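This report concerns only the one structure given below.
The values are calculated or read from the model by the stated rules, or taken from the named source; none is laboratory data. Just so we're clear, the structure is a prediction, and the values are computed from it rather than from any experiment. Every residue, glycine as well, gets a Cβ built from its backbone with ideal geometry; the counts of neighbours run over all protein chains shown. Surface accessibility is based on the protein's heavy atoms, side chains included, excluding ligands, DNA and RNA. Shrake-Rupley method; radii C 1.70, N 1.55, O 1.52, S 1.80 Å.
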Amino acid sequence: MTADTPVDPGPVVLVTGGSRGIGLGCARRFQADGARVAVTYRSAPPEVLTGGPGTTDLLAVRCDVTVPEDVETAFKEVEAAFGPVEVLVANAGITKDVLLLRMGEEAWHEVIDTNLTGVYRVVRRAVGPMVRAHAGRIILISSVVGLYGSPGQVNYAAAKAGLIGMARSLAREVGSRGITVNVVAPGVVETDMIAVLGDQRVEQLRSMVPLGRTATPDEIAGAVRFLASDDAAYVTGAILPVDGGLAMGL
């Protein structure tokens, strides 16, 4: 390579809900590989997005995926900074856990609107430029709960299961345009979402995992990175469980 050789700027990656946990792990993994990475957050951008030793800032874009105008504004900001999104990781999600008999419609609608309809919004916005480019990678972050079920998470499980149908239908729609659509289904992962359950519940969940431990966000990020890579160019409509064997066979 000579001094006049242009440097490949790397693909444009957008990770929704990328300010912590699995989303941040994915963002840092792509960034380490030379991608131009943007992440969304809902309130104030955490300091972790501004880098640290050996890292650079991620492009932090405020976006509530339940607000269509926010989604449009976020994409325009990313496109102005980097260009069209080439890899979308739809990770933003919430939980409102309660047994069905006590679950009000607000708890149902809030989880469905964020975890399922919110994904529809960002995927729909991303796929147009991908179709025009005849290339793209879409990775939806589901959950083992969408396959395995979990008491107190009827709303969450319904949304995460819905992502599987969404991904497989879209994979058939856009496959001829060189776009792949896949699902990663994490199991028990060391995140804030799991930590709030308390040590006793986390240990109970861990005991159900054949590998006998929780996953790290970076282990989930590795699977996501694979699905975005050239090595996965012939993989679409797939569900990749990263769950230590928790839901094997489902």
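Points worth noting:
- Residue ID - least open to solvent (accessible area, probe 1.4 Å), chosen from residues in segment 193-242 that are in a helix (DSSP H, G or I) and in contact with a Lys or Arg (Cβ under 6 Å, 6 or more places away or on another chain): Ala221
- Filter result for Asp70 (crowded, with 17+ Cβ neighbours inside 10 Å, modelled with pLDDT of 95 or more, assigned to a loop (DSSP other than H, G, I, E, B) and out of contact with any Gly (no Cβ under 8 Å at 6 or more places or on another chain)): no
- Tabulated pairs, segment 229-250, first within 17 Å of Leu88 (Cβ to Cβ) and of a type in the set (Ser, Thr, Tyr), second crowded, with 18+ Cβ neighbours inside 10 Å and modelled with pLDDT of 95 or more, C-beta under 7 angstrom, 6+ apart or interchain: Thr236/Ala171; Thr236/Thr180; Thr236/Val181; Thr236/Asn182
- In segment 101-111 there is no residue matching the filter, namely being surrounded by fewer than 19 Cβ atoms within 10 Å (Cβ to Cβ) and under 20 Å from Ala228 (Cβ atoms).
- Beta carbons closer than 6 Å, at least 6 apart along the sequence or on distinct chains, pair a first residue in segment 100-122 that is in a helix (DSSP H, G or I) with a second that is open to solvent by 30 Å² or more (accessible area, probe 1.4 Å) and polar (S, T, N, Q) for Asp113/Thr66; Thr114/Thr66; Gly118/Thr66.
- Scanning segment 89-99 for residues that are crowded, with 17+ Cβ neighbours inside 10 Å, hydrophobic (A, V, I, L, M, F, W, C), in a loop (DSSP other than H, G, I, E, B) and in contact (Cβ under 8 Å) with a residue 40 or more places away in the chain turns up just one, Ala92.
- Boolean, Gly152 is in a loop (DSSP other than H, G, I, E, B), open to solvent by less than 30 Å² (accessible area, probe 1.4 Å) and without any contact (Cβ under 8 Å) to a residue 60 or more places away in the chain: yes
- Whenever a residue of segment 168-185 is within 16 Å of Met130 (Cβ to Cβ), its partners that are in a helix (DSSP H, G or I) and open to solvent by less than 70 Å² (accessible area, probe 1.4 Å), lying with C-beta atoms within less than 6 angstrom and at least six residues away or across chains, give the pairs Arg177/Val131; Ile179/Met130; Val181/Ala167; Val181/Leu170; Val181/Ala171; Asn182/Leu227.
- Only residues that are among the charged types (D, E, K, R), modelled with pLDDT of 95 or more and open to solvent by 70 Å² or more (accessible area, probe 1.4 Å) were counted across segment 160-192, and they come to 4.
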